[in-house]
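Right, one structure below, let's go through it.
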Amino acid sequence: RNPEYDITRSIKKVLYGYQGGGDLFAGIGKPVRLRAFVSAPETLPEPLPALRQDLEAVLADIQSGSAGRFEWSIQDPAADPALAKEIEARYGFQPLVIGLLDPVPFYFYLALESGDQAEAVPLPESLDKAGLERAIEAGIKRFAPGVLRTLAIYTPPAAPSQFGMPGQGSSYGLVQEGLRDGFDLRETDLSSGQVPEDADLLLVLGPDGLDERQQFAIDQFLMQGGTVIVAASSFHVDLGGGTISARPRPTGLEDWLEHQGLGLAPLLVLDPQNTPFPIPVQRDLGGFVVEEIQTLDYPYFPDVRADGLAEDSGIAANLGQITMNWSSPI
């Protein structure tokens, strides 16, 4: 290991973590403004009228400690058609409806602005004053450079054992360990229908049969301006038992991805230019059978070189070379 790198990285992590937990407005050069688009209390369903009062108290407290770097306003788009059109065009905010039994539309949206940057603030799952304060403070921190970023990460649950014993843990431990070196990691199973409110980015690793509530959490996080990275495959490859087999692995995101204009085909890519794969081969040596490892051409591992990478793409630029293991076409 490189001790200089390890020490420097640790200092930066502590420093950025301190900045994120210290003065809320430290490092923010331009004033921050929160615009709340909330309907009149009498048109809000329970428990939102009380949450509206809590919102005013939270905003007043933040403003009092901001040294003039924070201001806020509450507006009712239902009473101002021009404002309703503006926030729909800029943020995608539309009237909300609880359900068929309560069809009265209402607004309850929050947005932070600083200069040309704007961030939607999701409502907390708890719908209380403390959750509201955490969500707004997390949004304000996104305007400050050098603050430790928060990553929410989903990994599939461990598979149960056939004999009632605990199954093997997640195979993403090394990924999580590496991410913790430079980020504040939040593990989530998305079962609540909401991504942690302080998350800057959502990693969905190995989705396997996600239900509607989990899909809803991903979709809403994306709609609120969050960034989502999905590492998914159409197949699960099993190397056990001395064989290689692949079985279909529905992610649960097929319809949602199609709505986004993407499709993960139930196929595997093969290429004559590939990375060899070590395979056990049996040899008969005068009546004695021995097993040795040979590296053979393996078309399921396409070897993509510089001439096959898009130089004008921010994803592939300067990559040089990459091996794609059991890849499905998008």
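If I filter region 66-81 down to residues being out of contact with any Pro (no Cβ under 9 Å at 6 or more places or on another chain) and open to solvent by less than 70 Å² (accessible area, probe 1.4 Å), which single residue comes out as farthest from Leu222 (Cα to Cα)?
Taking the candidates together, the pick is Asp80.
How about region 265-280: which of its residues are open to solvent by less than 50 Å² (accessible area, probe 1.4 Å) and within 20 Å of Asp208 (Cα to Cα)?
Ala265, Leu268
Quick check: is even one residue across region 107-130 touching an Asp or Glu at 6+ places or on another chain (Cβ under 8 Å), in a helix (DSSP H, G or I), at pLDDT 85 or above and closer than 29 Å to Leu190 by Cβ?
yes
So is Phe143 touching a Ser or Thr at 6+ places or on another chain (Cβ under 8 Å), of a type in the set (A, V, I, L, M, F, W, C) and open to solvent by less than 40 Å² (accessible area, probe 1.4 Å) or not?
On the way: touching a Ser or Thr at 6+ places or on another chain (Cβ under 8 Å): yes; of a type in the set (A, V, I, L, M, F, W, C): yes; open to solvent by less than 40 Å² (accessible area, probe 1.4 Å): yes.
Spelling it out, Phe143 is indeed touching a Ser or Thr at 6+ places or on another chain (Cβ under 8 Å), of a type in the set (A, V, I, L, M, F, W, C) and open to solvent by less than 40 Å² (accessible area, probe 1.4 Å).
May I ask you to list the residues in region 33-65 that are open to solvent by less than 50 Å² (accessible area, probe 1.4 Å), in contact with a strand residue (DSSP E or B) (Cβ under 7 Å, 6 or more places away or on another chain), in a helix (DSSP H, G or I) and in contact (Cβ under 8 Å) with a residue 60 or more places away in the chain?
Leu48, Leu55, Leu59, Ile62
Assess whether Gly252 counts as being open to solvent by less than 60 Å² (accessible area, probe 1.4 Å) and in a loop (DSSP other than H, G, I, E, B).
Working: open to solvent by less than 60 Å² (accessible area, probe 1.4 Å): yes; in a loop (DSSP other than H, G, I, E, B): yes.
Judged against the criteria, Gly252 is a match.
Taking the residues in region 281-304 that are surrounded by 11 or more Cβ atoms within 10 Å (Cβ to Cβ) and assigned to a loop (DSSP other than H, G, I, E, B) as candidates, determine which candidate is farthest from the chain's Cα centre (by Cα).
Here the residue is Asp297.
Out of Gln282, Gln260, report the one residue that is more than 28 Å from Gln176 (Cα to Cα), out of contact with any Ser or Thr (no Cβ under 8 Å at 6 or more places or on another chain), without any contact (Cβ under 8 Å) to a residue 24 or more places away in the chain and among the polar types (S, T, N, Q).
Numbers: Gln260 fails: more than 28 Å from Gln176 (Cα to Cα).
Matching residue, one of Gln282, Gln260: Gln282.
Quick check on region 208-219. Is at least one of its residues surrounded by 15 or more Cβ atoms within 10 Å (Cβ to Cβ), small (Gly, Ala, Ser) and not in a loop (DSSP other than H, G, I, E, B)?
The initial filter retains those residues of region 208-219 that are surrounded by 15 or more Cβ atoms within 10 Å (Cβ to Cβ), namely 208, 210, 214-219.
This time we only want the ones that are small (Gly, Ala, Ser), so: 217.
Going one step further and asking which of them are not in a loop (DSSP other than H, G, I, E, B), we end up with 217.
Checked against the condition, which is being surrounded by 15 or more Cβ atoms within 10 Å (Cβ to Cβ), small (Gly, Ala, Ser) and not in a loop (DSSP other than H, G, I, E, B), region 208-219 yields at least one hit.
The values are calculated or read from the model by the stated rules, or taken from the named source; none is laboratory data. As the structure is a prediction and not an experimental result, all values here were calculated from the model. Glycine gets a Cβ as well: all are built from the backbone with ideal geometry, and neighbour counts include every protein chain shown. To get the accessible areas, we keep the full protein, side chains included, count just its heavy atoms, and leave off ligands, DNA and RNA. Shrake-Rupley method; radii C 1.70, N 1.55, O 1.52, S 1.80 Å.
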